[in-house]
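Quick notes on the structure that follows.
The values are calculated or read from the model by the stated rules, or taken from the named source; none is laboratory data. Just so it is clear, the structure is predicted and the values come from calculations on it, not from any experiment. So basically every Cβ, Gly included, is an ideal-geometry build from the backbone, and we count neighbours across all protein chains shown. Keep in mind that these areas ignore ligands, DNA and RNA; they rest on the heavy atoms of the full protein, side chains included. Shrake-Rupley method; radii C 1.70, N 1.55, O 1.52, S 1.80 Å.
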Amino acid sequence: MSRPDPIREDEVSLKYVGKNITRSDAVKKITGKSVFLDDIKLPGMLYTAILTPPTAHAKIVSIDTSAAEKEPGVIKVVTGKSIDFLFGDNVKDRVPMAVDRVRYIGEPVAAVIAENPHQAKMALKKIEVKYKALPVYIDAREALKKKAALIHPDSGDYWHLPGMGPEAKTNIADHYLLKKGDVKKGFAEADLVLEGEFNYPFSSSAAIEPHGAIAIHHEDGGIEIWSSSICPFVIREDIAHTYKLPVSSVRVHIPEVGGCFGYKSDVTVEQTIAYIASFVPGRPVKWVASRKEDFLSTLLGHGIRTKFKVGVKKNGKLTALQTTILHSTGAYVDTGLHVMRGSTHNSTGTYEFPNCYLDGYSVYTNTPPVGAYRGYGHQESQLGMERMMDIIARKLGMDAFKLREINYLGPGKMTSIGERLWESNGNVKKCADIVRKKIFTGKKKKEDADYYYGRGFAAVMKSPKGAPFSSKSCYLKFNVDGSVSINMGGAEVGQGLRNVVRLVAAEALKIDPSRISVYTEIDTQFSPWEWQTIGSMFTMQGGRAVVRAAEKAIHQLKKTAMMALKCDYDMLEYDGDYIFLSSDPGVRVSVPSLAQGYMTEDGITVGEVVHTTSDARLPRYSNPDANGQGSFGVTYTFGAQACEIRIEKKTGKIIVDHFASSFDVGQVINPVQIRGQVVGGVVMALGSTLYEETKFDADGVCPNPQFSKYRFPTINDAPAKQTVEFVETPGKIGPFGARGIGEHPVIGVAPAVLNAVYDATGIDFYEIPLSPEKVKAAIDAKGDNRCPKK
């Protein structure tokens, strides 16, 4: 029997979606009773400490572990000499521990397993390693030079997915090229061609909870892992492949996760801890990163340099775009190549270019591997695009808002990857109009004795950057009292995912959210399969899976009610409490009496137990074709951001007085949570814009891998005022028209601020962070006539 399409926001009024409810995990987190990885203690637990090298690139000449093995409490000292495998999902270029060379400063070289963490750390100091130094490259430009030493001499032999992977005998780890139209023709048609180069440096996601893992190789051959990651099923498959086990023999647990922001979405430390634990079968081995290790031995973000060449007509119509992206992807490319690819094909930003030549390179460097960071490649290249739009407007003598409006993507327009957009994809102009009114209404403040004043704007676009097979699954069960339990594989990292599940389910099932209980941990033995909780896709895919599971449950209830009420299926209606006859609502049966089958007066029970499963993918998501195009955007969230700033003349410090954001999210699910996403995202991105940078010296050594030296934003750095408003043009994929929003608030912050800095000082900046010292030096260099007269 067929079921209708998921309920649409524009077809019915919403009772629960769009309302605020208290988070189900709030009390436990506030009272400190939530269980995170470091809270877990298992019988027979051992602990490991990991040795990393003093230099970023060197051959390992020898390792002497004899002294460490004699230290109190030491059970085993482990090196990588017995490793005979590589791992990785896209490119198998990774090792859990260095074998014959180190490629970055945080790479594991040896490990001590001991009875407690202190003993392991003390013994670690007794390991002696001799190295032979190799050339160090911390920037893609250096690693691409003709005579550069190879960081991976055997990269041409690595397994990789079709259409991606290293170029042999070079430091090119991956190359992606997108061609749309005829870019030469496009530049020939242009009245103005401008170029610019922009840099988004390394930084850390720096979640409050660092990475960690526990691994045990059971005596029966199975492997069990606890991790602070958000990709348990990827970990399970990766470990199973490495140790040649059935996937069913590996079990992965994810307790509460103390933040992610991207860098916990890939396999990171789990393979290393599983390898170390293999030397002590039957006993669990635990490792939790120090802050330094979290910076240098897991994943970094960014490291993207983008060169732009833009063609435009005098009337403001864009004709051509050529971008070259150099991604310093770190010592291993497996987790970084899709960041580069996302940054490349989204370098158009919110604009239609009829002709594109977008060229991206992931390049091996002697820095920690780069992985996901909130925004996943979008903010890095869109920093340059939004700066270029302001610069082009100045050259044309055209209003910058008008230039953007002429070229915005929208219904009938074509993205760089060849996807035609529709009204249901959202409306960037509506968002732009909102923030323009909030920030640009009235005259700008005039320069005074202490400050320069400026206003800046940036339009925003983000696609999910998923995978063709990616899906999110839902298991939904009606209990005997009519309440509902839901189990899924999506990781709660602070974004309020569980409330999204409760509200969507409440709407679809027509019951109060208080009657819906949602899972609190993920266990691959019991949780339904999900690829990864990434790409701001859970609300769309996970929410749709919830609706589908709810529809199946209602269908089961009606089938059983047919037997209880002795009537045809199509005469039955459901209201959350009862299944009733549409022609006579007084003829009804309660949902609780149907949840586990219907018991007749003589005790005979008929019908099914009501529990269902469902999943949801992005429709027709594909791999790139020969031109680098394809259906791998599928759904887009558009928005706009703008700010009012002042710059302190004495110090160069940038102070954000007002920041405004608007996004077309299709449908707000929870007003408080979505505002929190945007407000928090803005503050996070202000950190990247003004302060944050993970630095490396010429030897690949990082001087600031601790919070005491790595400046990130505090409440004192937050804008004095934040305005957040939403446009709700219903989409066609997510539940009730909802689209993703988790990453989007970080994308437009840097270009909006840099555009405001130009407005205040007349100085163009092309990279971040804009530290007070950097701004003050630029102002001083420009001289007394630095500010244009208005």
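None of Ile113, Ile83, Ile63, Ile151 is outside any loop (DSSP other than H, G, I, E, B) and in contact with a helix residue (DSSP H, G or I) (Cβ under 8 Å, 6 or more places away or on another chain) except Ile113. Just one of (1) in a helix (DSSP H, G or I); (2) modelled with pLDDT of 95 or more; (3) farther than 21 Å from Ser347 by Cα fails for Phe696. It is (1). Here is a check on your reading of the model: is Asp570 modelled with pLDDT under 95 and over 27 Å from Tyr376 (Cβ atoms)? The answer is no for Asp570. Of the residues making up segment 434-476, not one is under 22 Å from the mean Cα position of the chain (by Cα) and part of a helix (DSSP H, G or I). Here Arg394, Arg374, Arg404 are screened, and the one residue that is of a type in the set (Lys, Arg) and not in a helix (DSSP H, G or I) is Arg374. Taken over segment 477-494, the criterion of being surrounded by fewer than 24 Cβ atoms within 10 Å (Cβ to Cβ), within 27 Å of the chain's Cα centre (by Cα) and part of a loop (DSSP other than H, G, I, E, B) is satisfied by Val493, Gly494. As for segment 693-700, it holds no residue that is without any contact (Cβ under 8 Å) to a residue 60 or more places away in the chain and either crowded, with 17+ Cβ neighbours inside 10 Å or farther than 30 Å from Tyr104 by Cα (or both).
Scanning segment 495-516 for residues that are over 19 Å from Gln541 (Cβ atoms) and at pLDDT below 95 gives no hits. The sole residue among Asp759, Asp784 that is over 29 Å from Gly342 (Cβ atoms), modelled with pLDDT under 95 and either in a loop (DSSP other than H, G, I, E, B) or not β-branched (Val, Ile, Thr) (or both) is Asp784.
One line per residue, one yes/no per condition, for (1) basic (Lys, Arg); (2) open to solvent by less than 50 Å² (accessible area, probe 1.4 Å); (3) without any contact (Cβ under 8 Å) to a residue 40 or more places away in the chain; (4) under 30 Å from Ala595 (Cα atoms):
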position: Ser381; (1), (2), (3), (4): no, yes, no, no
position: Glu423; (1), (2), (3), (4): no, no, no, no
position: Tyr453; (1), (2), (3), (4): no, yes, no, no
position: Met461; (1), (2), (3), (4): no, yes, no, no
position: Lys465; (1), (2), (3), (4): yes, yes, no, no
position: Tyr475; (1), (2), (3), (4): no, no, no, yes
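Taken together, the residues in segment 548-566 that are in contact with an Asp or Glu (Cβ under 8 Å, 6 or more places away or on another chain) and aliphatic (A, V, I, L, M) amount to 1. Which residues, counting only those in segment 408-429, are hydrophobic (A, V, I, L, M, F, W, C) and in a loop (DSSP other than H, G, I, E, B)? Within segment 408-429, Leu409, Ile417, Leu421, Trp422 qualify.
Summed over segment 168-191, residues that are in a loop (DSSP other than H, G, I, E, B) and touching a residue at least 40 places away in the same chain (Cβ under 8 Å) total 5. Scanning segment 142-165 for residues that are closer than 16 Å to Asp334 by Cα and either of a type in the set (A, V, I, L, M) or under 24 Å from the mean Cα position of the chain (by Cα) (or both) gives Ile151, His160, Leu161, Pro162, Gly163, Met164, Gly165.
Each residue in segment 1-38 was checked for being open to solvent by 100 Å² or more (accessible area, probe 1.4 Å), modelled with pLDDT of 90 or more and among the charged types (D, E, K, R), and 3 of them qualify. Residue check: Glu773 meets all listed conditions (1) assigned to a strand (DSSP E or B); (2) farther than 22 Å from Asp390 by Cβ but one, namely (1). Looking across segment 564-605, the residues that are touching a residue at least 12 places away in the same chain (Cβ under 8 Å), under 19 Å from Leu509 (Cα atoms) and part of a loop (DSSP other than H, G, I, E, B) come down to Asp575, Gly576, Asp577, Val591, Pro592, Ser593, Leu594. Filter segment 611-668 down to the residues that are open to solvent by less than 40 Å² (accessible area, probe 1.4 Å), part of a loop (DSSP other than H, G, I, E, B), under 17 Å from Asn346 (Cβ atoms) and not β-branched (Val, Ile, Thr) and list them by number. Within segment 611-668, Leu618, Tyr621, Ser622, Gly628, Gln629, Gly630, Ser631, Phe632, Gly633, Tyr636 qualify. The set of residues from segment 714-724 being under 17 Å from Arg646 (Cβ atoms) and either at pLDDT 95 or above or in a loop (DSSP other than H, G, I, E, B) (or both) comprises Ala718, Pro719, Ala720, Lys721, Gln722. Among strands (runs of 3 or more DSSP E) entirely within segment 192-309, having at least 3 residues that are open to solvent by less than 10 Å² (accessible area, probe 1.4 Å) and under 17 Å from Gln525 (Cβ atoms) singles out 223-227, 250-254. Residue check: is Lys132 assigned to a strand (DSSP E or B), open to solvent by 70 Å² or more (accessible area, probe 1.4 Å) and farther than 29 Å from Arg283 by Cα? So Lys132 fits the description; yes. Scanning segment 720-769 for residues that are touching a Cys at 6+ places or on another chain (Cβ under 7 Å) and touching a residue at least 60 places away in the same chain (Cβ under 8 Å), we see that the one that is surrounded by the fewest Cβ atoms within 10 Å (Cβ to Cβ) is Val727.
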